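Since the structure comes first, as structure tokens, the remarks are kept for the end.
The values are calculated or read from the model by the stated rules, or taken from the named source; none is laboratory data. All figures in this text were calculated on a predicted structure; none of them were measured in a lab. Counting neighbours? That spans all protein chains shown, and the Cβs are built from the backbone with ideal geometry, glycine included. The protein model used for the area step is the full one, side chains on, heavy atoms only, and it has no ligands, DNA or RNA in it. Shrake-Rupley method; radii C 1.70, N 1.55, O 1.52, S 1.80 Å.
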Amino acid sequence: QVQLVESGGGLVQAGGSLRLSCAASGRFFSINDMGWYRQAPGKQRELVAAITSGGNTNYADSVKGRFTISRDNAKNTVDLQMNSLKPEDTAVYYCNTKARNGRFAAAVNYWGQGTQVTVSL
């Protein structure tokens, strides 16, 4: 089992910055991809950014050039630096990881509890 604990959400004015952090703990063999998703009221959860254990990144078009994802494999943490925030970035942000419980086990999806990000005009 993997537990994901997020921190860093809050209220910020448009154009401002926030940094989200997520730490994974528990019993697991390996952690593969780590990422951040978000869900705004009335909308489906969507990928914001993801990063592989090798450091390859993937971003939603709406955040490219403004958000940066990074991870520390030794500490099992993933961060999301969000700059030039817009009101449309307002959502609950969820940390996500895919982890294996054994060398030949299938990867399992785990989610954090979510952290609110609100961007005001």
Checklist entry - Of the residues A60, A49, which is touching a helix residue (DSSP H, G or I) at 6+ places or on another chain (Cβ under 7 Å) and at pLDDT 95 or above? => result A49
Checklist outcome for this item: Taking the stretch 74-107 and keeping residues open to solvent by 50 Å² or more (accessible area, probe 1.4 Å), within 15 Å of S25 (Cα to Cα) and touching a residue at least 24 places away in the same chain (Cβ under 8 Å) leaves K75, K98, R100, N101
Item to check | Residue list for the stretch 65-94, filter: of a type in the set (A, V, I, L, M) and either within 13 Å of the chain's Cα centre (by Cα) or more than 23 Å from T118 (Cβ to Cβ) (or both) | outcome: I69, A74, V78, L80, M82, A91, V92
Checklist entry - Could you say which residue among Q81, Q113 is touching a Leu at 6+ places or on another chain (Cβ under 9 Å) and closer than 20 Å to Q3 by Cβ? => result Q113
Next on the checklist: I need every pair where a residue in the stretch 40-56 that is over 21 Å from R100 (Cβ atoms) and open to solvent by 30 Å² or more (accessible area, probe 1.4 Å) has its Cβ under 8 Å from the Cβ of a residue that is modelled with pLDDT of 95 or more and not hydrophobic (A, V, I, L, M, F, W, C), sequence separation at least 6 or different chains.
Outcome noted: R45/Y37; R45/R38; R45/Q39; R45/Y94; E46/Y37; E46/R38; E46/Q39
Checklist entry - When you look at G15, is it on the phi > 0 side of the Ramachandran plot and in contact (Cβ under 8 Å) with a residue 12 or more places away in the chain, yes or no? => result yes
